[in-house]
Each structure stands twice: as C-alpha cells, then as structure tokens.
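Participant: Sharing a structure below in structure tokens format, with a few things to ask.
The values are calculated or read from the model by the stated rules, or taken from the named source; none is laboratory data. On a predicted model such as this, the values are computed, not experimentally measured, just so you know. Note: ideal-geometry Cβ built from the backbone for every residue, glycine included; neighbour counts use all protein chains shown. Accessible surface areas use protein heavy atoms only, side chains included; no ligands, DNA or RNA. Shrake-Rupley method; radii C 1.70, N 1.55, O 1.52, S 1.80 Å.
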Amino acid sequence: MTENRPPSGASPGHMAREYFCASAGASFWQWQDDGTVVTGPSGVTIVFLEEVIPILAWLAPRGLPRFGSLILLLAACRSNWLVTDAPPATPSLGTAADHIYGAAFEEWEEVRAGLAFIHAMPSGLRDNAKAQAAICEIVFAASSDRLAAEDSLAILTYLKRDREKGIFATAAESPAWPQRASADLRQLAMGLYHATEEKISALVSTGVVEPLPEVPVILPPPSSVRDLISDLRNDEKLGGLMAMVRSLLASINLPRRLADPDNLPLGGVSDISNRGTLDRLLLSELAYDDDVLATRIALNEALYLRREAPPRDASDQRVLILDAGIRLWGQPRLLACAAGLAVAAASEADFELSCWRPVGDQLQPVDLVSKAGLREHLGALESDPHPGLALVPLAAQQTDLTDLPEVVLVTHANVMRDPEFWVQVREAALPVLYILTVDGFGTVDLHRVKAGNTKHISTTVIDLEQVKAAANGFMKAPTPVPQPPQPDHQRRTTLPVILSMEQFPLLLRPRGKPHRAIFSPDHGLLIIGQDRAVQHQPDPQYGAAQICRQFPKGQVLDRFATPEGMVYIPLLLKGDLYLATCDLVQGQCRNQKLINEVNHPIHLAWAGRHLLVANRSKIEAFKPGEDGVVASLFRPAGLALRKSRFYTDDDGLWHWAVVLQDKIVLQPFCETSLPPGLVIIVPFDQYGAEGPLALAAPRSEWDSGKAKIKAQIIDST
C-alpha cells in the first residue's frame, strides 16, 4: 500500500482520515480552524475546504489524486506564490516549498518549473474554481497513482454529509514522510508536462480538451452574400472564385463615412413598470427605508420609468455597380466579380446595399445572394467600353435625396485612362464615388473620386495562378505537372535520364559503408552511399528505395533515429552546422541551417523533439522545421561538460540536459535513488527511451580499479 493511499474496502471515515492527513513540520501546508482552511507558512491561506470540495467532485468520478499533489497545484494558482533564488523578507508559498522540498527530492526542480508556468498563466485561467478544476483534470489525467473511483466517491460523500472534525488531523512527522512527499512530487512531475494554456482554456470554455468533431448540418438557402460565400467555398465550379473573394475581403476596406449616431433610447417616458434598472427607479421609491426598499426590489414591487425609444434613423445606402463591358471579357471578369462580392460582403451589415449591372445607359439589378443570380451575372456580356453612361441617370434619380448614397464602381483598369469615361463622371457629379479597378495581371486598385479629384487608396495583388485556376473551375491552383528530369551533364553525360531522378522508381540493392548507415528498429535501415544517394530499406527481404539523389556534402557529426520514423543527421558544411532530416514514412529528405561558423568543438544530443548543441560555455536547443534557437542555457558554475548532454559537478555527480516547456533544465542523477553500494560510471541515451540511462557498478570494485566489474543499468525516469 502506497503512503497516503487509504486501503480499499475500509470504512469511508477511515479512508477520509488517511487521505486528508497532514504531516507536522514536514510539509509547507497544514489544516487550521478545525479543518476549514488549508494554510501555508505563517498562517498564509492556501485554500478553504469549501473551495476544495467542488474540485474533488470534479475529479472523483475518475479517481482522486494524492491530496499533497493537489494542494501544491492549488498553491501555485494563488497570487502569493513566489519562486526566487533569494528568499524575500516575508516567506511565501513558493519559497516555503523550496525550503521543504528543494534539497531533499530530485523531482522538485522539474515540479518547481511546472508550478511556475501554472502561476504565470493569466489570472482568469487559474483564480476561479472552474479553472482550477480544469488544471487539476489535465495535470492528473494520465496519472496512475489515483484512488479507485468507488473509494473516491465514498470519500466525497462522507466529506459532504457525515464528516467529523477529526478527519482533518495533523500527524507527527514519521520516517515514511519522505516516500509520501516524493510520491506527491512524482505525480506532479508526470502531469505538469502536459498542462498547456491552450488545453486549459479549451477545457474551461468548451468542457473538452480536443476539438469536437464536425457534424453535417443541412442549412437553409443563403440569405446574405457572406452566407453565399460560405456555402460555395467547396463548390466544384465556383470554389476558386470564393477563395479569391476571401483573399480580397481581408485587404479591400472602403473608408467609413463620418457619423455620430445615438444608439441609446433617450426619448421621453412612455410608461411605468415594475421591472427595470436601478437608474430608472422612481424617486418616490427612495422614501422607503432600506429594508422595505430592498424587499420591494426583490419581489418586483418597486416602480421604474420606461423610456420611449426614439425613431430609428434610416440605414446608410451603398450602390454597387459591377461592370460587364468588353474590357472585362475573359479572366479579368472573374476578378472583378470577386472584388464586387468582397465589397458586398463587407457592406451588407452596415449599409442598405443594392447591386446593379450597367446596360447602355440603364442599370439592371444583380442578385448576389443566390448561386443562380451569381451565375447569371457571370454569363452576362456587354459591348460597352466603359460604364460611364449609366452614372448620369443614377445621379438624376438621387437629386431629391438629402443623404445621397455611396457609389462603388467595379471596372477594368483601362477605363481609368478613357477620356469619355471621365466626361460622364464629371457630368454625373456623384458626391461619393469609389472606383475599384482590376486588370489581367491580378492587380486590384481602389480609388476615391470626390469633387473631380481622384485619390488612390490601396492596391491588392492576387496570384495570377489562382485567377487562372478559378477560371478553370478549380478551388485552388492545380499542381504543376513535373517536367521530366534532366540528366546531370557534368557527371552522367552518357547515362540514361532515369539515373538522375530524385526518387528512383525501382528497388535496388543497398550499397554503402557501415559507418554511413543508420538502423531504426521500427523502420529499417537508412544508407548514405558513396555517390551521396540516400536509400531506405524497411524490410531486409526486399531492396532499398532511393529517397534522395544528392545528400549534402559535409562532415557527418552524428545520427539520431526516432520511433516516429525520422532520422536526424547533423553535419558541418563549409564551417556551418546543418541538420538533415530524413522522413522514412513519407520518403523525403530536407536540409536546415542551424548555426553559422561553428568555431568551437561541440557535443550533440537528441532530447525528445529537440537537437541539443553544447560547447564549453553554453547549450542550445533547436527544433526541426523551426528557425532560430528554441532555448539556450549558459553552463552553470561548478558543472563540467563531459559528453553529449551530460555534465558532472565538483562532487562527481552526473547531470543531464532536457528541454521542458521551451526551457533547458539540468536534471541531476540522484545518487540516493541508486541501490546501495552502486556508483554511476557513465550515462547514455538509448533509442526509444524517454530519458537517459546510466551504467552503474559497485563502488568498492570501481574505486579499487578491478578489471571485472558487474555493471547495472539505471533508468533516470
């Protein structure tokens, strides 16, 4: 039976007393006030019992964690948790925990970093009961050191209904306390690695950590332009057009008209009601004393004024004119339609929008809310060189309005160079005119015409391949057809073209020297041949497939294989450090530059998902696929770099570097955790192991220098 784990089958009262028991003088938390509050050093409050009960109720169906681990995690959620190297004048929860656990347990440094990360999260994700319960759920989800569900529910039921004051006892310090505290820290160390701000936020807001699966829903026909864009995003013919519309929505912004609307209903009084806000309370209600007034408000007997809402002003108007003239025949027509849809989608929420197409000197309505209306507009072809003739009657229709609408004209860029068009624009004399122009090269320009002056506002460029794909009915630009590989004339002037292909289409017999081969127990053999071709042989009964024709030249420094099928090869090329990545699952190779001008001897190691590069002064961590240094740490005083990622201190104790939450931490091999009489000879990494292993031998035989030593493998985890 593990310490602080009540025996299964015992009475609920006995299980509760064992579970909530505290250690006098050996823990930084104690029960106070007959078990109603958990306090830290100097009586600092950590959490009240009534705050702990909802968290226990959340965790009980899946088994309660160790209570000491739970209190440590809740203490880090408080604002007075402080982690410093030098103790402050007033001891805090963090410094007290450092004093209790820091020198006695090797797990404390890892737990200390994880608790500091929890404390550094925004207060909204750690200072309320729901957020704290979510943190505890994520941290203890993968822990196996939890009570059984039936025992947890029995303890919770007893705590709510039949608890006695004696269950919150403080036991005297016993020799079993170190094992109990070490188990608390070990449970936290395993779970804090999985706690991230994104997971906690998702669990608090949605109740689940992973996103919910999509459920197909049959939606009604679109009622707005935005609904139409959303419905047609996967359409076989119009999906490419909708992709251009979404790109233009983020870049085309028409300036808003200056206005000062009054959104508050500040009219007169229309009625008296028994419901309302306190600022509308009748003054006569204040004649009652405080108790009577509070009673009248609680029973909805108090009287309030009901304001009369003023008449709502008419919404702003915007007229969208989509040119379909001869200059817009072909691909520019599709780009003009996308620009018009983007303007309509951005305008319909704030404007009373109307859409038109010029036909000679008349305007015909265009339905941009339905798929049929959109296809009809795309099929309409007019022969007019410019839409200026339709602007004059539009201005004539609006002369009797005091608030003239904004006009947005979508046309070809060459129209702006047509003198006849500008004659019609000056004759129309529209107060606000925006001209959106497109061309055959994917350029979209926005201009503003006011009082005869033209001002350029913005320019957006759409990839011409995307325009061509939309014209052909594709949702995205088609993948270019690969050209036949050309022979390498410098080396293979007389050989067939097939030998110059990046991925050779046939399986070949693997060739290469043993020191340039990497073996993965899960994915087979990777060979770098003398001709720099990279071959992968997953099964020894078959040949090898060529996944890269030309491996980079350079000095191979090391090779690291992972169970996921990735092989990482650091190499020096012209004095710079590169990382070659071979994906054995996808059959691909890529190269990444890490450090310029490596001048000092370096040690390399693979830790989790990071490449560690260490020299005599510091150690840096790199992540494949990401530029720059992920984390770095200068070598602490008193530690000497021995090999790979392993250091020794002045007492000969070994330390190993690991990346935790984007920080490099030096973890010590705790000699006290070794079997009696053993000493660590050398640590090393092993394929598939989470942490390093160590070779240990009897201390007496090692010190005496005997040749035959019975060694033992020690797992750091």
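Participant: Rank-order 286-292, 538-544, 560-566 by packing density, defined as the average count of other C-beta atoms within 10 Å over each peptide's residues, highest first.
Facilitator: Put in order of decreasing packing, that is 560-566, 538-544, 286-292.
Participant: Show me the trypsin sites (Lys or Arg not before Pro) within the range 324-375 that DSSP assigns to loop and that have at most 12 other Cβ atoms within 10 Å of their Cβ.
Facilitator: none
Participant: What pairs in Lys237/Lys450; Lys553/Lys663; Lys130/Lys618; Lys593/Lys618; Lys237/Lys623 have C-alpha atoms more than 30 Å from each other?
Facilitator: Lys237/Lys450; Lys553/Lys663; Lys130/Lys618; Lys237/Lys623, as the Cα separations exceed 30 Å there.
Participant: Something else now. Taking amide H positions as placed in the peptide plane 1.01 Å from N, state which residues far from Ile462 in sequence (5 or more) or on other chains have amide H under 5 Å from it.
Facilitator: Thr443, Val444
Participant: Using DSSP to call loops (not H, G, I, E or B), can you name the trypsin sites (Lys or Arg not before Pro) in the range 538-585 whose Cβ has at most 10 other Cβ atoms within 10 angstrom?
Facilitator: Details: sites: Arg549, Lys553, Arg559, Lys574; in loops: Arg549, Lys553, Arg559, Lys574.
For trypsin sites (Lys or Arg not before Pro) across the range 538-585 that sit outside H, G, I, E and B with at most 10 neighbouring Cβ atoms in 10 Å, the list reads Lys553, Lys574.
Participant: Counting only other residues whose beta carbon sits under 13 Å from that of Ala294, what net charge do I get with K and R as +1, D and E as -1? Intermediate values should be presented prior to the final figure.
Facilitator: Values: positive: Arg296; negative: Glu285, Asp289, Asp290, Asp291, Glu301.
It works out to a net charge of -4.
Participant: Per residue, how much accessible area does the range 339-468 show when a 1.4 Å probe rolls over the protein heavy atoms, in square angstrom?
Facilitator: On the way: 6150 Å² over 130 residues.
Value returned for the range 339-468: 47 Å² of accessible area per residue.
Participant: How would the range 597-695 be classified by its alpha-carbon gyration tensor: rounded, prolate or oblate, with rounded meaning a/c under 1.5 and the a/b versus b/c comparison settling the rest?
Facilitator: Prolate shape, in that a/c is at least 1.5 and a/b is the bigger ratio.
Participant: Let me ask another. Could you pull out the GluC sites (Glu not before Pro) across the range 572-662 that fall in loop regions by DSSP (anything but H, G, I, E, B) with no more than 13 other Cβ atoms inside 10 Å? Don't jump to the answer; show the numbers that get you there.
Facilitator: Working: sites: Glu597, Glu620, Glu626; in loops: Glu597, Glu626.
Filter output for the range 572-662: Glu597, Glu626.
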